[in-house]
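First comes the structure, then the notes that go with it.
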Amino acid sequence: MAMTPLEELRHSAAHMLATAVLRLWPDARLDIGPPTETGFYYDFDLKHRFTEEDFAKIEAEMAKVAKEDQPFVRKEVTREEAKKWFESRGQTFKVGRLADIPEGEPITFYTNGDFTDLCAGTHVKSTGQVKAFKLLSVAGAYHRGDEKNAQLQRLYGTAFTKREELETYLKQLEEAKLRDHRKLGKELDLFLIDDEVGPGLVLWTPNGAIVRQEMQKFLSEELAKRGYEQVFTPHIGRLGLYRTSGHFPYYRESQYPPLVDGETLEQMAKEKCTCADLSNRISKGEIEGYLLKPMNCPMHIRIYASRPRSYRDLPVRLAEFGTVYRWEQSGELNGMTRVRGFTQDDAHIFCTEEQVAKEVEGCLEMVRLVLDTLGINEFRVRVGLRDPASDKYVGAKELWDKAEKAVKEAAKKLEVKTSEEPGEAAFYGPKIDFVVKDVIGREWQLGTVQVDYNLPERFGLTYTGSDNAKHRPVMIHRAPFGSLERFTGVLIEHFRGAFPVWLAPEQARFLPVNEQMIAYADKLAADFKAAGLRVTVDAKGDKLGAQIRRGQLDKVPFLLVCGNREAEAGQVAVRSREKGDEGAQAAAAVKDRIVELVKNRR
RNA sequence: GCCGGCUUAGCUCAGUGGUAGAGCAGCGGUUUUGUAAACCGCUGGUCGUCGGUUCAAAUCCGACAGCCGGCUCCA
């Protein structure tokens, strides 16, 4: 468990934070304070509620500790000594943490000044070395990450070896906020989440709708090339369908409650039934209802099952931009990246067991194509497997073993680093997820490929083999974008709102330098539109400088200045988002250039 | 869902118990403009919602909603 020098520094800063807090609030109980990827935190339990107003005071105390230049002293102690030490000080969390240390392992204390912590180390030599630090936020955090336990107060901070590095990091944080898709989405009028419509429900405004349309068009072309067939299915379906799939019993708390018809509700009201009765009778299947679909697969399965299938038909690949609804906890909602209604670029492949490997490979290739096309090259690949201790999965162990084997082998062939993570599987099967980070470092799952032996079993799916016997197909669930909402949110941040030409809501804007030039600009705009481009004319009558400024802020890729000189020669003065002023060029050539960029999805 | 913070005009924000403000946007006018902001005027707000304290509440208290940062969760 060797720490990097930076981790040592931050870990030491965490101890100094605890030192300072104990000086200011001696009744504080301490839990743990490790370094993190970008800083450190320490968890406390105390009566006083930390607010950001306390930070200056705590930081000042930490600075004193630094000035005192207390050496960090390591001392090996016996379990008894450690227990007595913390018990006598009322540090019950520390006593609990002590019990985690396996017998035979050394138990060590680290002391700086009057503060002693149970700690495996390591640390810098003395507190004087930690000078560039800052507290950043306070948040609730459950003890041992379990919501059944007490909720502690977590103070987050960061530390660097040099003050300049800290300043740079803080500046980066500020800049990241400017890239936040929630801010840019508002500024560029891409989407809206309206309180009256409902939390977590995205309204795609015209600009955002263009981005989404282009992405769907892109994917639709790829689907056609790869032998997929597109389908449409409704937003609700009978509860029975989701009982069969397992969604209703297994993930009931993550769904909007079932819809029950008016007559039944009235009848139940007459019988003076309580909500609990209603809920009970729905669970028992005594009342039929409908569910807002949490996933598309059951409906695609019913399409597959709608007629006999031969091995010659396989693989059957059914695709849909299917909108699903999930009851995410209120505290989880986040802009477009975590919502309650979203559209998956979903597809389900029904194939033979022999075909699984090749099909999974094809899916992974498609995910890579999507990420490559959009220039997203910072992602990690997670192989989600069963949590052996959990009962939240459907299906037999043997089927899971087969599916996990298939997924692991497919992942091995990917030319990127993958990490196997138990507990990250879907309830019906293991999966390969592509995970990216947003501007503030939070991870989001985008594309996913999942192998499923269970739902075909639950729905009794079959195909007729060459031996004229019935066989069970295997299902592959896959979504290269994952959800269009989340993907778009990530894309907005990735491009800082400056979408490549093919995705840009407005691809070019004509800027007439005076009133007479509006007619010329209009004529060119009509010509560009006829070529399939999205263009506008800025006819507000401002000076060119103001038009340019507006165009830049709107992140239009091409600003085309129309002045008297250009009009005479059939030209426009090009100002591109990337290169700036490119001078006067033939309008027709500029049109061709933009059309070409769009064609190549650049 | 939990802990903490926040919510004032379309947007960004000022306003600490005494008659709601600015900039930008919008609208009207003047200007006809050459590579990141022309000028003048006007419109626009039950200060998130509901309740309480007070002679008086954007401001103090409470409940609820939404948002933000974490935690938990995430098929």
*asked:* Explain nothing, just the number: relative contact order of chain A, from Cα pairs under 8 Å at least 6 residues apart, as a whole percent.
replied: 10 percent
_Pair-distance profile P(r), taking every C-alpha pair of the stretch A:394-458, with 10 angstrom steps and integer %_ = 19, 49, 25, 7, 0
*Over all alpha-carbon pairs in the stretch A:233-373, figure out the percentage whose distance exceeds 27 Å.*
38 percent
*Leaving out same-chain residues fewer than 8 places away, which lysines sit with a Cα under 24 Å from that of A:K397?*
A:K358, A:K405, A:K408, A:K412, A:K431, A:K470
*Before anything else, pin down the relative contact order of the stretch A:418-504: Cα pairs under 8 Å, at least 6 apart, normalised by residue count, whole percent.*
23 percent
_Test of understanding: extend the Cα→C-beta vector of A:A60 to 7 Å, then name every residue of the stretch A:113-131 with backbone N under 20 Å from that spot._
A:131
*Could you give the nm distance between label points at A:R307 and A:A396, where each point is 7 Å from its Cα heading toward the beta carbon?*
3.1 nm
*For the peptides A:79-89, A:283-293, what is the packing order when you average, over each peptide's residues, the other Cβ atoms within 10 Å and list the highest mean first?*
A:283-293, A:79-89
_Cα gyration tensor of the stretch A:317-390 - equivalent ellipsoid semi-axes, whole Å, descending_ = 25, 19, 16
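Viscosity 1.567 mPa s, temperature 4 °C: give me the Stokes-Einstein translational D for the stretch A:1-103 in µm²/s, with Rh taken as the Kirkwood radius over C-alpha pairs.
Values: Rh = 15.0 Å.
In µm²/s, the coefficient is 86.
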*What is the Cα centroid distance between the stretch A:292-308 and the stretch A:67-108, reported in whole angstrom?*
57 Å
_For the stretch A:8-90, what does the relative contact order come out to in percent, with C-alpha contacts under 8 Å and a separation of six or more?_
28 percent
*So how exposed is A:H494, as accessible area in Å² (1.4 Å probe, rounded to 10)?*
70 Å²
*Would you mind pulling out the separation of the Cα centroids of the stretch A:252-278 and the stretch A:136-206, in Å?*
38 Å
_Using a Debye calculation, one point per C-alpha and no hydration shell, please list log10 I(q)/I(0) for the stretch A:183-226 at q = 0.19, 0.24 Å⁻¹ in order._
-0.65, -0.80
*Which order do peptides A:271-279, A:449-457 fall in by mean Cβ count within 10 Å, highest first?*
A:449-457, A:271-279
*Would you mind putting A:509-520, A:146-157 in packing order, based on average other-beta-carbon counts within 10 Å, highest first?*
A:509-520, A:146-157
_Residue-averaged [θ]222 nm for chain A, counting only DSSP H segments that reach four residues, each worth -39500 (n - 2.57)_ = -11500 deg cm²/dmol
*asked:* I'd like the distance separating the alpha-carbon centroids of the stretch A:547-602 and the stretch A:357-388, in whole Å.
replied: 37 Å
_Shape metrics for the stretch A:540-600, restricted to C-alpha atoms - Rg then Dmax, Å_ = 11.9, 35
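With only Lys, Arg, Asp and Glu charged, each at its Cβ (+1 for the first two, -1 for the last two), find how big the charge dipole of chain A is about the Cα centre; round to the nearest 20 debye. Walk me through the intermediate numbers first.
On the way: 90 positive and 93 negative charges, 110 e Å.
That gives chain A a dipole magnitude of about 520 debye.
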*Please state, rounded to one decimal and in Å, the Kirkwood hydrodynamic radius that the stretch A:337-471 gives when every pair of distinct Cα atoms enters the mean of 1/r.*
16.2 Å
*After finding the eigenvalues of the alpha carbon gyration tensor for the stretch A:431-504, what semi-axes result from the square roots of 5 times each, listed largest first in whole Å?*
39, 14, 8
*Alpha carbons only, please: Rg and Dmax for the stretch A:114-198, in angstrom.*
19.5, 57
*Per-selection Kirkwood Rh - the stretch A:477-597 (Cα, Å, 1 d.p.)*: 15.1 Å
_Among the listed pairs A:K225/A:K293; A:K84/A:K131; A:K186/A:K540, those beyond 26 Å (Cα-Cα)_ = A:K225/A:K293; A:K84/A:K131
*Between A:K413 and A:A176, what is the FRET efficiency for a Förster distance of 35 Å, r being their Cβ-Cβ separation, to the nearest 0.05?*
0.50
*In square nanometres, what is the average projected area of the Cα convex hull of the stretch A:179-310?*
12.5 nm²
_Report the per residue volume, in Å³, of the convex hull enclosing the C-alpha atoms of chain A._
225 Å³
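The values are calculated or read from the model by the stated rules, or taken from the named source; none is laboratory data. Bear in mind that the values here come from a model prediction, so they are computed numbers and not experimental data. No Cβ is skipped: glycine too gets one built from the backbone with ideal geometry, and neighbour counts run over all protein chains shown. Note: accessible area is taken over every heavy atom of the protein model, side chains too, but ligands, DNA and RNA are not part of it. Shrake-Rupley method; radii C 1.70, N 1.55, O 1.52, S 1.80 Å.
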